[in-house]
Amino acid sequence: MSTVITFIPLAIYLLSGIICLAMAFKCFTTGSFLPFHEKAAGVKWGSIDENLKRVILTILRISGSGFLVTAIVLILFPLVNIVKQDAFLDLAVPAIALAFSSCLSLFNYRLSRQTGSETPWKAAVMVTAMLVVAFILSLF
């Protein structure tokens, strides 16, 4: 049973890390708003001033950097912790991931409420809940 309890958090961290990696790639490679951003803004991408487009894309790239860092933390550090167990890593990995995913959930939820657009806040809450479960199981 102990092996299963050890494996479940690792699987959750890996899955969450892969999701973050996919989102980082999406943010880094997009050439416009994400679809829910366009709906929330109520403005078509083509009608936006070129300088404002550059600002928006820069903010998306910065967001992608947050996803990338979170992905690296979630994928690499739990694996490192298997080889060299460290109590700090047991707590730091979920704390960093939870901070990012909680903020992501909150900000996407607020955008959805304020604009009526369907943001991915529910998926972010689901990832946050998965990370909470992984954190609790990793304490055993």
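Quick notes on this one:
- Test: residue in the range 62-70 that is among the polar types (S, T, N, Q), surrounded by fewer than 15 Cβ atoms within 10 Å (Cβ to Cβ) and within 19 Å of C27 (Cβ to Cβ): yes
- Conditions (1) under 17 Å from G17 (Cα atoms); (2) modelled with pLDDT under 90: number failed by S102: (2)
- Residue match in the range 34-43 (condition: in contact with a Cys (Cβ under 9 Å, 6 or more places away or on another chain) and either part of a helix (DSSP H, G or I) or free of Cβ contacts under 8 Å to residues at least 60 places away in the same chain (or both)): yes
- The residues in the range 108-129 that are within 12 Å of the chain's Cα centre (by Cα), under 20 Å from V73 (Cβ atoms) and of a type outside the set (S, T, N, Q) can be counted, and the count is 5.
- Per the listing L68, L91, L76, L137, the residue uniquely in a helix (DSSP H, G or I), under 30 Å from A41 (Cβ atoms) and among the aliphatic types (A, V, I, L, M) is L68.
- The range 110-134 residues that are on the phi < 0 side of the Ramachandran plot and among the polar types (S, T, N, Q), paired with ones that are surrounded by 14 or more Cβ atoms within 10 Å (Cβ to Cβ) and outside any helix (DSSP H, G or I) (beta carbon under 6 Å, 6 or more apart): S112/T119
- When we screen A87, A92, A99 for residues that are more than 12 Å from the chain's Cα centre (by Cα), exposed (fewer than 14 other Cβ atoms within 10 Å of the Cβ) and at negative phi, the only hit is A87.
- Flag for S105 being surrounded by 13 or more Cβ atoms within 10 Å (Cβ to Cβ), in a helix (DSSP H, G or I) and in contact with an Asp or Glu (Cβ under 8 Å, 6 or more places away or on another chain): no
- Residue match in the range 46-65 (condition: outside any helix (DSSP H, G or I), among the basic types (K, R), out of contact with any Cys (no Cβ under 8 Å at 6 or more places or on another chain) and farther than 23 Å from A123 by Cβ): no
- Selection within the range 1-28 - over 18 Å from M126 (Cβ atoms) and either aliphatic (A, V, I, L, M) or crowded, with 21+ Cβ neighbours inside 10 Å (or both): M1, V4, I5, L10, A24
- Each residue in the range 1-33 was checked for being among the aromatic types (F, W, Y) and part of a loop (DSSP other than H, G, I, E, B), and 1 of them qualify.
The values are calculated or read from the model by the stated rules, or taken from the named source; none is laboratory data. The structure presented is a predicted model; accordingly, all values stated were derived computationally and were not measured. For neighbour counting, all protein chains shown are included, and Cβ atoms are generated from backbone atoms with ideal geometry for every residue, glycine included.
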